[in-house]
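Below is one structure, written out as C-alpha cells; comments come after it.
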Amino acid sequence: MNISSLCNLIHYTKPFLFRSTKESDLLKYKKRRQANDNSLLLLSTPKLFLFLSFLFLSFLFRLPSVIFLLKQEKEANIKNKLYKWCEKDKTKKVKTMFTKSSKYDTAFLKENMMGPNAIKIIEELLESLKLEEGMRVLDLGCGKGLTSIFLAKEYGVTVFATDLWISATENYDRIKSMGLEDKIIPIHAEAHDLPFADEFFDVAISVDAYHYFGIEEDYLTKHLAPLVKKGGKIAVAVPGLKKEFTDGVPEEMQPYWFEDMSMTLHSGDWWYNLWKKSDLVSIDECKEMKCLEEAWKDWLSCDNDYARRDIGMMEAEGGNYFNLVLIIATRL
C-alpha cells in the first residue's frame with residue numbers, strides 16, 4: 001500500500017474510530033450514573049429509615065452520658081471558682097472556732113440557708129451577749145428558722161421566729177422536726193407591723209435581714225427598740241462594706257450589682273451614725289465580724305441557683321469590699 005492509499009484509509013476511518021471511543025466513554029459514564037442512582041434508591045427504601053433510626057437511638061442512649069459529663073464539668077468549674085475565692089488572701093483571714101455550729105447537720109443547714117451561713121454568724125454575735133434560759137428573744141427576719149433553732153437549742157431561750165418571706169406553717173414544720181416546738185413560736189409578720197407588746201422581749205436579734213428594713217432613719221426608734229425591755233439588748237448582724245462606695249460601684253462589681261444593693265449595703269461607720277440618732281438606745285459596739293469567709297464559703301457551696309450566681313460576684317470582689325457588720329446596743 002502506497003502513502004496515498006494509507007492517507008485515504010485514515011481519512012475515511014477516523015470518524016468511526018473517534019465515535020467508537022466517545023460512545024465507549026459515554027457508556028461507562030451512564031453505568032456509573034446508574035450505579036449511583038441505584039445507591040440512592042437503596043437509601044430511599046426502608047433501609048434508610050432503619051439506618052436513621054439506629055443513629056437516633058444511639059444518640060438517645062448517649063444523651064444522658066453527655067448531660068452528665070456537661071453537668072460534671074459545670075460543677076467542677078463552680079468548685080474551682082469557689083476554691084480560688086476561698087484560697088485568695090487566705091493568710092490574711094482570721095480564723096474563728098465554731099464549736100457550737102459545727103455540731104449541726106451540714107446537709108440540713110445547706111438545704112435551709114438563704115445566704116451566708118447564719119448559724120456561724122449568730123455564734124460569733126452571741127459571744128458579745130449574755131443569754132439566760134427562759135429569756136424571751138425576738139429573732140427578726142429569721143428566714144427558715146436556722147438562727148431560731150440555734151438560739152433555742154444552745155441557750156434554752158424562748159424564741160419568737162418572725163419572718164415575712166417564709167410562712168409560719170413552713171417554719172413550724174421545721175421546728176417540730178427538731179423537737180423544739182415548746183421553745184420556738186413561728187410568726188409571719190412584716191417588720192413595720194410587728195404584733196408584740198412594748199417591752200415584751202429581753203433581747204432582739206436580727207441576722208442577715210435588718211438591712212432590708214432597718215436602713216430607714218426612724219425604724220430603730222419607732223418599730224424595734226420599743227419592743228425591748230429597758231436594759232435589754234438589740235443585736236444586729238448585716239452584710240456590709242468595708243467603706244462606702246463614694247466614687248460609685250467598682251467596675252469589676254458592676255455586672256453583679258443590683259439597684260437595691262446600693263440602698264442596703266453600708267459600712268460600719270454608716271450604721272453607727274444611723275443608730276446614734278436614736279434616743280432609745282446606747283451603742284455598745286459596732287465592728288467588723290471575723291466569720292465573713294467561713295459564712296460565705298458555706299453559702300457558696302450550696303446546691304442553690306442563688307448561691308451559684310454569687311460565686312462570680314465573690315470571685316470578682318476578691319476580699320476587697322465586703323464585710324459583715326455587727327451592731328449591739330442597750331435599750332434605754
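Throughout, read-outs are computed from the coordinates displayed, never taken from laboratory work. Because the structure is a prediction, the values reported are computed rather than measured. Positions of Cβ are generated from backbone atoms using ideal geometry, with glycine treated the same way; all protein chains shown enter the neighbour counts.
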Counting Lys +1, Arg +1, Asp -1, Glu -1, what net charge surrounds residue 117 among other residues with beta carbon under 12 Å of its beta carbon? -3
Got a sec? Charge dipole of the stretch 222-332, +1 on Cβ for Lys and Arg, -1 for Asp and Glu; which of 281, 301, 241 is way out at the positive end? 281
Around residue 219: net Lys/Arg minus Asp/Glu count, Cβ-Cβ under 13 Å: -3
Let me check I've understood the local charge: for residue 158, count other residues with C-beta under 13 angstrom from its C-beta, Lys and Arg +1, Asp and Glu -1. What total comes out? -3
Straight distance only, please: which aspartates and glutamates reach the Cα of residue 276 with their own Cα at less than 14 Å, same-chain residues fewer than 8 apart left out? 216, 217, 218, 284, 285
Residues 154, 111 in order from fewest to most other beta-carbon atoms within 10 Å are 111, 154
Likely footprinting exposure, 303, 247, fewest C-beta neighbours within 10 Å first: 247, 303
Quick one: 222, 120, fewest Cβ neighbours within 10 Å first, how do they rank? 222, 120
Point-charge dipole on Cβ atoms (K/R +1, D/E -1) for the stretch 189-295, about Cα centre, debye to 20: 480
Check cross-link reach from residue 183 to the aspartates and glutamates: straight Cα distance under 14 Å, and skip same-chain residues fewer than eight apart. 132, 133, 139, 154, 173
If you count, for each residue, the other Cβ atoms within 10 Å and average over each peptide, how do 198-204, 174-180, 254-260 line up from highest to lowest? 198-204, 174-180, 254-260
Of 233/277; 222/242; 130/243; 100/242, which ones are farther than 26 Å apart at the Cα? 222/242; 130/243; 100/242
What are the trypsin sites (Lys or Arg not before Pro) within the stretch 232-331 that DSSP puts in a loop, where the Cβ has at most 14 other Cβ atoms within 10 Å? 242, 243, 276, 277
